[in-house]
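Notes follow the structure.
The values are calculated or read from the model by the stated rules, or taken from the named source; none is laboratory data. Because the structure is predicted, anything quoted here is derived from the model rather than measured. Cβ placement follows ideal geometry from the backbone for every residue including glycine, while neighbour counts extend to all protein chains displayed. Just the protein is used for accessible areas: all its heavy atoms, side chains included, with ligands, DNA and RNA removed. Shrake-Rupley method; radii C 1.70, N 1.55, O 1.52, S 1.80 Å.
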Amino acid sequence: MIKQVLKQGLIAGAAGSVVMTLGEKLEQAVTKRPDSHVPARVLERLAGLPERPGKQPLALNWAMHFGQAALVGVVRSAMAHAGLRGPLASAQFTVVRLTTDQLLENATGVGAPPSTWPRQELVIDVIHKAVYAFATGAVADALAARGGPGPGQRHAAARPGRHSGVGPTPDTGSRGRRS
């Protein structure tokens, strides 16, 4: 299952980043907001690369933008394989995506906490990350669904709702089949 989660997560995350990027470019055409080069600056610091103020390292920007999105997609794939699927799971994943960005940006000193941002920039960022999360989720859910329901979904099917006294479902092994 780990190989499937990794492979499908990278695919889902890459797809989500393409959808997010298209949305960002459309929004930028309307709002005239310039490109952000924060991803490149984060990658420079994480990799110990020399920083070149005044230069916009486009290749590094794209590498971090798409690479981080693909890697974080693995988390959404793991969610889908566990049975956390659909819009609620994608909403939860939006927080994961926002958190990974902020962790990396703030830990490297490249970014500032969102509470200090102008509200319009914060809203735009949250919308773009939600687009990524829902697009990534749709792909991850579709790929995971090919293997049937996840353990959480099988548990929920045993007795819908939250109830005490409902134990775990029988172990079905890594392929979702009962042994």
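In plain terms, the chain from VAL30 to ALA145 could stretch by 37.7 nm, reckoned as 0.36 nm per residue minus the Cα-Cα distance. In the stretch 1-107, the portion of solvent-accessible area held by carbon and sulfur atoms comes to 73 percent [1.4 Å probe, whole percent, DNA, RNA and ligands not counted]. Listed by chain and number, the lysines whose C-alpha is less than 21 Å from the C-alpha of LYS129, apart from same-chain residues fewer than 8 away, are LYS25, LYS32.
With q set to 0.18, 0.19 Å⁻¹, the log10 of I(q)/I(0) for the chain, from the Debye formula over equal scatterers at the Cα positions, is -1.13, -1.22. Solvent-accessible surface of the stretch 4-61, averaged per residue with a 1.4 angstrom probe and all protein chains in place: 59 square angstrom. The calculated FRET efficiency for the pair THR99 and HIS155, based on their C-beta separation and a Förster distance of 25 Å, comes to about 0.40.
Would you calculate the separation in nanometres between label points at VAL123 and LEU49, each defined as 7 Å from the Cα along the Cα-to-beta-carbon direction? Placing both labels 7 Å beyond Cα along the Cβ direction yields 3.4 nm.
So if I take the centroid of the Cα atoms in the stretch 53-88 and the same for the stretch 1-44, what is the distance between those two points in Å? With the stretch 53-88 and the stretch 1-44 each reduced to a Cα centre, they are spaced 6 Å. For the chain, a simple Cβ point-charge model (Lys and Arg +1, Asp and Glu -1, everything else neutral) yields a dipole of about 700 debye relative to the Cα centre. Working note: Karplus 6.51/-1.76/1.60 with θ = phi - 60° gives the stretch 107-119 the couplings 5, 8, x, 7, x, 10, x, x, 5, 9, 7, x, 4 Hz, where Gly and Pro are set to x. Restricted to Cα atoms, the stretch 1-85 shows a radius of gyration and a Dmax of 15.3, 46 angstrom. Above 18 Å lies some portion of the pair distances; for the stretch 63-158, what is it as a whole percent of all C-alpha pairs? For the stretch 63-158, the fraction of Cα-Cα distances above 18 Å is 50 percent.
Overall, the accessible surface of the stretch 120-160 at a probe of 1.4 angstrom is composed of carbon and sulfur to the extent of 68 percent. Descending by average beta-carbon neighbour count within 10 Å, the peptides 110-121, 70-81, 17-28, 54-65 line up as 70-81, 17-28, 54-65, 110-121, the highest first.
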